[in-house]
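Participant: Encoded as structure tokens, here's the structure I'll be asking about.
We did not get these values from a lab; they are worked out from the coordinates using the rules stated. Here the structure is a predicted model, which means the values were calculated and not measured. As a convention, Cβ positions derive from the backbone with ideal geometry for all residues, glycine included, and neighbour counts pool all protein chains shown.
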Amino acid sequence: MVRGLTERACVRRLLSPRALRAALRAAFLLLVLYSLNRLPERLVLLGEPQTVTTLNQKIGVHTRLTDEVEPWKIQRSLQMVRQMGSPWVVEYFPWAYYEPSKGRYDWGHADLVVDHAINQGLMVIARVDFVPQWARPEETTFRYLDAEHYADYADFIHAFVEHFRGRIGHLIVWNEPNLSFEWGYRPVDPAGYVELLRQAYARAKEANPEIEVLAAGLAPTLAPEGSEWGMDDLLFLQRMYDAGAADCFDALAIHAYGMTTPPDDPADAQQINYARAELLRAVMVRNGDAHKPGYITEGGWNDHPRYTRAVRPYQRIQYTVRAYEKALQEWDWCQAVCLWAFRYPWAQQNYQDYYTFVTTEFIAKPVYIEVSHYAHGEPYEYLEP
């Protein structure tokens with residue numbers, strides 16, 4: 001009984017007006033101290049519009065600002081792209097991020113990226129995929145889009161193109177549909193992709209007749225016929241044409257990775273190299289699409305010291321500079337070469353980090369420095385003149 005009275009007395013004391021006032025004062029002081037110790041947010045302004053100075057208008061990079069949340073880092077990334085002498089960027093705009101529920105759009109982050117890119121004088125090629133949960137069955141991946149939801153994707157394309165009319169002039173429909181992973185771990189389906197492309201193309205043109213719609217970049221692969229993992233990109237493109245693709249795209253996105261070979265290594269249907277882009281171009285020409293351009297929207301070389309498909313750092317520099325120059329000198333059909341990848345928001349802690357031009361801390365790598373020298377006609381530092 002005594003113990004119970006003591007506990008009740010303690011509770012009454014804790015709930016007394018005096019105790020409550022003291023607790024509120026303490027909480028207020030803690031809030032003030034927390035506010036005083038927070039670093040102030042950087043003020044990020046667009047500033048005066050910039051232009052890109054370069055000797056090669058085809059230089060481009062694939063930026064990865066999708067998950068970059070700090071505005072100053074978005075701005076700094078795009079400033080460095082401009083300073084390198086690159087007029088083009090490919091950026092990823094995930095459908096699921098911007099339409100979390102049917103018909104409800106949130107363009108905030110996308111506007112931030114696009115506005116800063118335009119302010120730096122850059123031309124944006126938008127890649128759009130990544131299926132929201134509401135548009136796919138339960139227990140499927142974000143790459144799974146069945147035919148019943150093609151119209152939902154096409155509706156989003158219409159909204160995207162309409163929203164960015166006058167700011168984005170190039171749009172890629174999907175990504176690497178010749179891989180099972182990118183097709184939701186289903187058997188790849190050229191005719192199915194063409195139907196998706198057809199619907200997206202029609203809706204994009206409704207929103208902006210001037211938009212240039214790119215068929216998806218295909219993964220360079222030598223997968224044999226019937227492989228559960230994918231289909232040879234040359235075969236997949238031909239089967240796209242067989243399914244009537246010619247009427248529903250304006251240009252072709254191309255993925256051109258050099259692996260361990262130099263960019264002047266000749267094209268070979270049995271080899272994956274940079275010049276494989278010429279074989280994709282040959283498929284276009286053979287099917288009456290010689291008038292349509294191509295854009296390399298992924299590609300490049302890796303210089304990880306232990307990755308089996310990597311080259312030495314000095315080779316990566318040489319090959320990268322030559323890849324840009326080769327497109328300028330020899331590929332009049334190629335409008336841009338946007339290599340993978342300019343910078344990641346955070347370190348990947350694997351071989352992927354060795355594709356980048358700039359570290360997560362915005363330290364320019366030698367490949368960035370030499371591309372900048374090439375673009376501005378300046379002497380090299382890491383290569384022989």
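Participant: Would you mind calculating the relative contact order of region 121-237 from Cα pairs under 8 angstrom and at least 6 residues apart, reporting the percent as a whole number? Show your work: numbers first, answer last.
Facilitator: Numbers: 188 pairs, mean separation 34.0, N = 117.
Dividing the mean separation by the residue count of region 121-237 yields 29 percent.
Participant: Given that just one value was derived from the coordinates, which of (i) 96, 55, 43; (ii) 60, 44, 41; (iii) 129, 47, 40 is Cα extents along the principal axes in Å?
Facilitator: The calculated read-out lines up with (i).
Participant: Treat every Asp and Glu Cβ in region 199-283 as -1 and every Lys and Arg Cβ as +1, leave all other atoms uncharged, and give the resulting dipole magnitude about the Cα centre to the nearest 20 debye. Could you put the intermediate results ahead of the total?
Facilitator: Values: 5 positive and 14 negative charges, 30 e Å.
Roughly 140 debye, rounded to the nearest 20.
Participant: Just to confirm a number: summing +1 for Lys and Arg and -1 for Asp and Glu over residues other than SER372 whose beta-carbon lies under 13 angstrom from that of SER372, what do you get? Spell out each step's value before the answer.
Facilitator: Values: positive: ARG82, LYS365; negative: GLU370, GLU378, GLU381.
Result for the neighbourhood of SER372: -1.
Participant: May I ask which of LYS102/LYS292; LYS58/LYS365; LYS205/LYS326 have a Cα-Cα span longer than 26 Å here? Walk me through the numbers on the way to the answer.
Facilitator: Working: LYS102/LYS292 34 Å; LYS58/LYS365 21 Å; LYS205/LYS326 33 Å.
Result: LYS102/LYS292; LYS205/LYS326 exceed 26 Å.
Participant: Further question: How big is the charge dipole of the chain about its Cα centre, in debye rounded to the nearest 20, if each Lys and Arg gets +1 on its Cβ and each Asp and Glu gets -1 on its Cβ?
Facilitator: Working: 38 positive and 49 negative charges, 511 e Å.
Dipole about the Cα centre, nearest 20: 2460 debye.
Participant: Contact order normalised by length for the chain, with contacts defined as Cα pairs under 8 Å and 6 or more residues apart; what percent is it?
Facilitator: Numbers: 707 pairs, mean separation 59.6, N = 385.
Relative contact order, the chain: 15 percent.
Participant: Considering only C-alpha atoms, what is the centroid distance from region 105-152 to region 241-261, in Å?
Facilitator: When both Cα centres are located, 20 Å separates them.
Participant: Could you tell me how many degrees, from 0 to 90 and to the nearest 10, lie between the Cα long axis of helix 17-37 and the main elongation axis, the longest principal axis, of the Cα atoms of the chain?
Facilitator: 30
Participant: Once both axes come from the Cα atoms, what is the angle between helix 150-163 and the longest principal axis of the chain, in degrees from 0 to 90, rounded to 10?
Facilitator: Roughly 80 degrees, rounded to the nearest 10.
Participant: By how many degrees, between 0 and 90 and to the nearest 10, does the Cα long axis of helix 313-330 differ from the longest principal axis of the chain?
Facilitator: With rounding to tens, the tilt is 60 degrees.
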